[in-house]
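Everything on this sheet refers to the single structure shown next.
Please treat every number below as a calculation from the coordinates, not as lab data. This is a predicted model, so every value here is computed, not measured. Here the Cβ is made from the backbone with ideal geometry for all residues, glycine too, and neighbour counts use every protein chain on show.
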Amino acid sequence: MVAQQKQQFGGIKWGSAFFGWLTATGTALLLTALVAAAGTAIGLATADTGAGQAVDEATRAAQDPATAATVGLTGSIVLLVILFLAYVCGGYVAGRMARFSGVKQGVAVWVWAVVIAIVIAALGALAGSQFDVLANLNGLPRLPINEGTLTTGGIIAALLALAAALAGAILGGLAGMRYHRKVDRAGFDH
């Protein structure tokens with residue numbers, strides 16, 4: 001019966017994947033805010049100066065190669081964890097909403113993210129830097145890459161971020177779909 005339902009109703013549900021992407025984006029924003037608040041609490045920034053002081057201290061630390069490597073590695077790990085957790089949540093929502101094909105739903109959440117990022121980047125390139133929405137949103141997790149000087153390390157960081165988001169979305173999609181398998185088994189047991 002489940003196989004027949006899957007054949008009829010399975011596949012990618014782009015609406016569910018869109019809501020999964022919205023969930024992933026919102027979760028990433030909230031997790032980034034929590035990390036920033038934790039940074040403020042432990043003294044990386046103060047309530048008066050906020051993130052600006054943290055940026056200044058990070059800039060000063062970048063002048064010392066040993067400190068820069070530590071700050072860069074720590075920031076990259078935190079970014080990867082945030083992206084992974086956010087996309088697990090997004091994949092879960094899409095997998096739960098669509099019921100079947102959790103892996104496909106997770107991939108679809110990730111595809112939404114890539115397509116929307118490309119569209120926003122294209123609009124920013126066409127409209128000019130004053131309309132670059134992503135540059136003005138400091139709450140979203142961003143790769144520590146200067147768009148003008150993309151290095152090998154920056155490319156590796158970008159690929160790792162894409163892989164972390166994809167892996168999280170797929171695992172979340174599987175978890176969301178798994179809930180429905182439990183419900184189906186419960187129906188057959190009785």
Quick check: pseudo-label points 7 Å beyond the Cα along Cα→Cβ at Val103 and Ile116, how many nm apart are they? 2.5 nm
If I model a spin label as a point 7 Å beyond the Cα along the Cα-Cβ vector, how far apart are those points for Thr151 and Ala127 in nm? 3.2 nm
A correct Karplus calculation of ³J(HN,Hα) over segment 23-35, with 6.51 cos²θ - 1.76 cosθ + 1.60, θ = phi - 60°, whole Hz and x for Gly and Pro, returns 4, 4, 5, x, 5, 4, 5, 5, 5, 5, 5, 5, 5
Quickly work out the Ala38-to-Arg181 label distance, labels modelled 7 Å from Cα along the C-beta direction, and quote it in nm with one decimal. 3.1 nm
